[in-house]
Ligand code: NAD
């Protein structure tokens, strides 16, 4: 997502909220943007230099929070857009955080574990004074794992002492919590069921197309399969599989687990491209991989009447306009995938209290927080006759604006 795309949605909400120009400028400007050089020695003995970014967008409501992404296309503009998205997301679900995002431009599949560890630790060396439990708390995102979060905590501790709350999404055996890994997918699934029920539909038999079979995609598939939804298409970076009668989700999960998370070589469905998956005949389309996959060019081909933005920013503003006029409902990312940051907050709370809740409490509190945010967004959309996206932004931007005024800027 570019910063321009976030800006379009922000402006729409700001107009509805009648925000002053001065407040808009304040809310749109990041508090701090950092770009650092990460020189490391590769396994071959050669030296390579990577570029790392951290954008800390806003802390009016609490410490800044957001993922760390390892992907070749990471750049400052993308990180800036995603950081702002986190500010509105934490505000929509009303957890006491602001927004941030970071990333390193690299392809993690082309780096050894040892190289990734050196790069991650070196990145922490460069920015350890700029983040921390009360300032900015990173978490996993595309291309980063729980293991990398453990390296971050360990490296940060070398400078600041034992501080498990400096990063979330850690392994359960290393200060993480049960329920964090599944939380984004669980939230996507639970909110999909809520919106289906508002539309008078039962889950059993609902036909779903899912793009992305990583952390978010697999847990979404698990949850909705348990609710007896039918997955007619599932895809990952290597392409997609189609079966109108319903793919065998448990079998695909097992296959992916046995093949480093990939579906390449699976034989239980007809092959189709990712582009075909987006246009497949289904009741719900769930993009759970990359941003920007639904554009002004391919939006008109979408047949699903309901899109759940499990990924960050899978729908571009152009596509959003097409869906709006075609009457296609979009559940926006800042609500749909907020389960991850909400469970990250639970992890941070438990780390700070040196206490453990257990999985049932995590699930119960997650469902309650997401359910209540959904009700508020749904009601606001009805009252103001705006899209769910505009309603979600109004709720998020409004809360950040009010906190800014209450805290003052002096
Ligand atoms: P991941 O790295 O675990 O999985 C990404 C999946 O997308 C993989 O299955 C990969 O094969 C697939 N993919 C990559 N390129 C693709 C392409 N060109 N076409 C189709 N599929 C492709 O990442 P994740 O953690 O599941 O995150 C997915 C999305 O959800 C991202 O947009 C991320 O920002 C967002 N998100 C993640 C979390 C979280 O807790 N993990 C929380 C909020 C939002």
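Sticking with the crude label model, points 7 Å out along Cα→Cβ, report the distance from residue 264 to residue 356 in nm, one decimal please.
Calculated label separation equals 3.8 nm.
Take the chain, connect every pair of alpha-carbon atoms lying under 10 Å apart with a spring to form a Gaussian network, then pick out the residue of 338, 381, 183 with the largest mean-square fluctuation.
Ranking 338, 381, 183 by mean-square fluctuation puts 381 first.
Starting at 0 and stepping by 5 Å, how many percent of the alpha carbon pairs of the range 282-410 end up in each bin?
Percent of pairs per bin, in order: 2, 10, 16, 18, 17, 15, 11, 7, 4, 1, 0.
Could you give the nm distance between label points at residue 409 and residue 134, where each point is 7 Å from its Cα heading toward the beta carbon?
Roughly 2.5 nm, to one decimal.
Take the Cβ-Cβ distance between residue 384 and residue 33 as r, set R0 to 30 Å, and report the resulting FRET efficiency rounded to the nearest 0.05.
Between residue 384 and residue 33 the formula returns 0.35.
Taking only Cα atoms and a 10 Å spring cutoff, compute GNM fluctuations for the chain and point out the largest among 174, 70, 355.
Among 174, 70, 355, the largest mean-square fluctuation in the Gaussian network model of the chain belongs to 355.
Could you put 128, 57, 354 in order, starting from the residue whose Cβ has the fewest other Cβ atoms within 10 Å?
So the residues, fewest neighbours to most, are 354, 128, 57.
How much of the DSSP beta bridge set in the chain is antiparallel, as a percent to the nearest 5?
Antiparallel bridges make up about 50 percent of those DSSP assigns within the chain.
Taking 8 Å as the Cα distance limit and 6 or more residues as the minimum spacing, I'd like the relative contact order of the range 32-165 as a percentage.
Contact order relative to length: 28 percent.
Once you have the Kirkwood Rh of the chain from its Cα pairs, apply Stokes-Einstein at 25 °C and 0.890 mPa s and quote D in µm²/s.
Translational diffusion coefficient: 115 µm²/s.
Report the full-extension gain for the segment residue 114 to residue 295: residue separation times 0.36 nm, less the Cα-Cα distance, to one decimal in nm.
61.4 nm
In percent, what relative contact order does the chain have, based on Cα pairs under 8 Å that are 6 or more apart in sequence?
17
Note down the relative contact order for the range 183-336 as a percent, whole number, built from C-alpha pairs under 8 angstrom at least six residues apart.
Normalised by residue count, the contact order of the range 183-336 is 21 percent.
Using Cα centres only, tell me the gap between the range 6-85 and the range 255-318 in whole Å.
Value for the Cα centre distance between the two parts: 26 Å.
For residue 49 and residue 76 in the same chain, what is the full-extension length gain: residue separation times 0.36 nm, less their Cα-Cα distance, in nm?
Net length gain for the segment: 8.1 nm.
What nm value, rounded to one decimal, do you get for the distance between residue 227 and residue 375 when each label is placed 7 Å out toward the C-beta?
Between residue 227 and residue 375, the label points sit 1.7 nm apart.
Among 191, 335, 26, whose mean-square fluctuation peaks in a Gaussian network model of the chain (Cα, cutoff 10 Å)?
26
Each reported figure results from applying straightforward, stated rules to the coordinates on display, with no laboratory input. The model shown is predicted, which means the values in this text are computed figures rather than measured ones. Please note: Cβ atoms are built from the backbone with ideal geometry, for glycine as well, and neighbour counts cover all protein chains shown.
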